[in-house]
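Please read the structure below before turning to the comments.
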Amino acid sequence: MTSVAIVTGASSGIGAATARRLAAEGFHVLAAARRTDRLAGLVKEIEAAGGTATAVACDVTSDESVAGLAAAAQAAPGPVTLLVNNAGGARGLDPVESGAIGDWQWMYDVNVLGTLRVTQALLPALEASGAGTIVIVSSTAGFTVYEGGGGYTAAKHAQTAIAGTLRLELCGRPIRVIEIDPGMVRTDEFGLVRFDGDADKAAATYAGVPEPLVAEDVADCIAWCATRPHHVNVDRLVVRPLAQAAQHKVHRVGQ
């Protein structure tokens, strides 16, 4: 019977790349996100490549919407063995003293409470499979702070805390918990969301960086961790581009 993987935030970036990769690994993918038009295109792409997937409309900030995702999981064509909590994002790069409360609240709701909602809703199915895996896509911001990143780093630190706490609480049950912490990843939308659609500001983040990570690099890490023998738990995988030695140390050509 085909194993089912659920990927949140699957309409673009790391989520879409992960859905494609997991389908190639043989999972039936439930691709979950708000933008169903994009999901429809993703499912067609996966099917054209020989995989299988189902689009599921889901807003991780809504209890009702997440309940719908759980219902879709129950109707899936196999046991749910993998949940990738990928939905998230950043807004703003303001210092703490002038940070917008609305931006902080959005980041906490999407990154932290979104992970909580979806995990709670899918835990019964993951446990029933007898070999469940929860992947939480956090960030190097989950353990390192930087100026202007207070809201995002606070949210990612909280998401990291969820991963560690879950691993303790689920010890002895057939569910492993894996945290993926990417550094600098260039995707189509992360920077645009952070800078309210300002393409120049978004592009400046990667200016002069020879090869930042791309979504497929992170998807590769997620797939590798998720396809290890189930007794192998990769607690935390930190992945950065070669040009980024640390949050504050990035090699930029010509600078």
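With respect to ALA121, determine if the residue is touching a Leu at 6+ places or on another chain (Cβ under 8 Å), surrounded by fewer than 23 Cβ atoms within 10 Å (Cβ to Cβ) and outside any helix (DSSP H, G or I).
no
Look at the stretch 108-117 and say how many of its residues are surrounded by fewer than 24 Cβ atoms within 10 Å (Cβ to Cβ) and of a type outside the set (Phe, Trp, Tyr).
Residues of the stretch 108-117 that are surrounded by fewer than 24 Cβ atoms within 10 Å (Cβ to Cβ), as a first pass: 108-110, 112-113, 116.
Remaining after also requiring of a type outside the set (Phe, Trp, Tyr): 109-110, 112-113, 116.
Total satisfying the criteria: 5.
Name the single residue, out of those in the stretch 25-55 being touching a residue at least 40 places away in the same chain (Cβ under 8 Å) and over 22 Å from MET107 (Cβ atoms), that is farthest from the chain's Cα centre (by Cα).
Result: THR52.
Given the conditions (1) buried (at least 21 other Cβ atoms within 10 Å of the Cβ); (2) without any contact (Cβ under 8 Å) to a residue 12 or more places away in the chain; (3) not basic (Lys, Arg), which single one is not true for THR165?
Here THR165 meets the rest and fails (1).
Could you list, in sequence order, the residues of the stretch 179-222 that are in a helix (DSSP H, G or I), open to solvent by less than 40 Å² (accessible area, probe 1.4 Å), at pLDDT 95 or above and touching a helix residue (DSSP H, G or I) at 6+ places or on another chain (Cβ under 7 Å)?
Initially, the stretch 179-222 is screened for residues in a helix (DSSP H, G or I), giving 190-194, 199-204, 215-222.
Those left that are additionally open to solvent by less than 40 Å² (accessible area, probe 1.4 Å): 191, 194, 202, 215, 218-219, 221-222.
Subset that is at pLDDT 95 or above: 215, 218-219, 221-222.
Within the stretch 179-222, ALA215, VAL218, ALA219, ILE222 qualify.
How about the stretch 234-249: which of its residues are in contact with a Ser or Thr (Cβ under 9 Å, 6 or more places away or on another chain) and within 20 Å of LEU166 (Cβ to Cβ)?
Those that are in contact with a Ser or Thr (Cβ under 9 Å, 6 or more places away or on another chain) and within 20 Å of LEU166 (Cβ to Cβ): ARG236, VAL238.
Mind checking which pairs have a first residue in the stretch 62-88 that is free of Cβ contacts under 8 Å to residues at least 12 places away in the same chain and a second that is surrounded by 23 or more Cβ atoms within 10 Å (Cβ to Cβ), Cβ under 6 Å, 6 or more apart or different chains?
From the stretch 62-88, the pairs are SER65/CYS58.
Which of the residues spanning the stretch 1-28 are open to solvent by 20 Å² or more (accessible area, probe 1.4 Å), under 20 Å from ARG228 (Cβ atoms) and among the small types (Gly, Ala, Ser)?
Scanning the stretch 1-28 gives SER3, ALA24, GLY26.
Could you check, for the stretch 124-142, whether at least one of its residues is among the charged types (D, E, K, R) and assigned to a helix (DSSP H, G or I)?
Looking for residues that are among the charged types (D, E, K, R) and assigned to a helix (DSSP H, G or I), one finds at least one in the stretch 124-142, hence yes.
Can you spot a residue in the stretch 164-175 that is closer than 19 Å to ALA17 by Cβ, touching a strand residue (DSSP E or B) at 6+ places or on another chain (Cβ under 8 Å), assigned to a strand (DSSP E or B) and not hydroxyl-bearing (Ser, Thr, Tyr)?
No - not one qualifying residue is present in the stretch 164-175.
Of everything in the stretch 212-246, what is of a type in the set (A, V, I, L, M) and either closer than 15 Å to ASN86 by Cα or within 18 Å of the chain's Cα centre (by Cα) (or both)? Give them in sequence order.
Within the stretch 212-246, LEU213, VAL214, ALA215, VAL218, ALA219, ILE222, ALA223, ALA226, VAL234, LEU237, VAL238, VAL239 meet the criteria.
The values are calculated or read from the model by the stated rules, or taken from the named source; none is laboratory data. Please read all numbers here as calculations on a predicted model, not as lab measurements. Neighbour counts run over all protein chains shown; Cβ positions are idealised from the backbone, glycine included. These area figures cover heavy atoms from the full protein model, side chains too; ligands, DNA and RNA do not enter into them. Shrake-Rupley method; radii C 1.70, N 1.55, O 1.52, S 1.80 Å.
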